[in-house]
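Trainee: I have a structure here, written as structure tokens, and I will follow up with some questions on it.
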Amino acid sequence: MEHISQSLEGLLKKLELDRKVLGWSVLGVWEETVGPRIAANAKPAAYRDSKLFVQVATTTWMHELSFMREEIVRRLNAKLGEKVIEDIIFSLAR
């Protein structure tokens with residue numbers, strides 16, 4: 001007989017919720033991954049379709065982070081243990 005944890009794991013994978021949960025887990029590793037200076041000026045706001053949406057304090061930070069986009073994606077995926085984030089979309093916080 002299959003354990004309930006195996007059944008739930010299978011259901012999560014079937015519904016692709018496992019990737020969504022893993023994508024949202026970026027909230028727990030954001031500051032550790034990007035550092036306190038960036039984390040103070042840029043906050044993850046949403047995760048959808050393998051994209052992380054990040055709100056940024058100023059246009060200067062948005063411009064700076066756009067140059068760092070690929071490196072941040074690489075470091076976040078390494079921290080999460082698999083390629084969950086394909087892109088980061090930066091927008092100015094309101």
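Trainee: Quick check: pseudo-label points 7 Å beyond the Cα along Cα→Cβ at S50 and E82, how many nm apart are they?
Mentor: Using points 7 Å along Cα→Cβ, the separation is 1.3 nm.
Trainee: How big is the stretch 16-92 by Rg and Dmax over its Cα atoms, in Å?
Mentor: Considering the stretch 16-92 through its Cα atoms, Rg and Dmax are 11.4, 36 Å.
Trainee: Round to a whole angstrom and tell me the spacing of the C-alpha centers of the stretch 67-94 and the stretch 26-46.
Mentor: Rounded to whole Å, the Cα centres lie 10 Å apart.
Trainee: Find, among the GluC sites (Glu not before Pro) in the stretch 39-84, those assigned to loop by DSSP (not H, G, I, E, B) with at most 10 other beta-carbon atoms within 10 angstrom.
Mentor: Passing sites in the stretch 39-84 are E82.
Trainee: At a threshold of 8 angstrom on Cα-Cα distance, excluding pairs fewer than six apart, so keeping six or more, what relative contact order does the stretch 16-92 reach in percent?
Mentor: 35
Trainee: Extending each Cα 7 Å along its Cβ direction at E31 and A57, get the distance between those two points in nm, one decimal.
Mentor: A separation of 1.4 nm, rounded to one decimal place.
Each reported figure results from applying straightforward, stated rules to the coordinates on display, with no laboratory input. Quantities reported herein were computed from a predicted structural model and do not represent experimental measurements. Cβ sites come from the backbone with ideal geometry, for glycine too, and all protein chains shown count toward neighbours.
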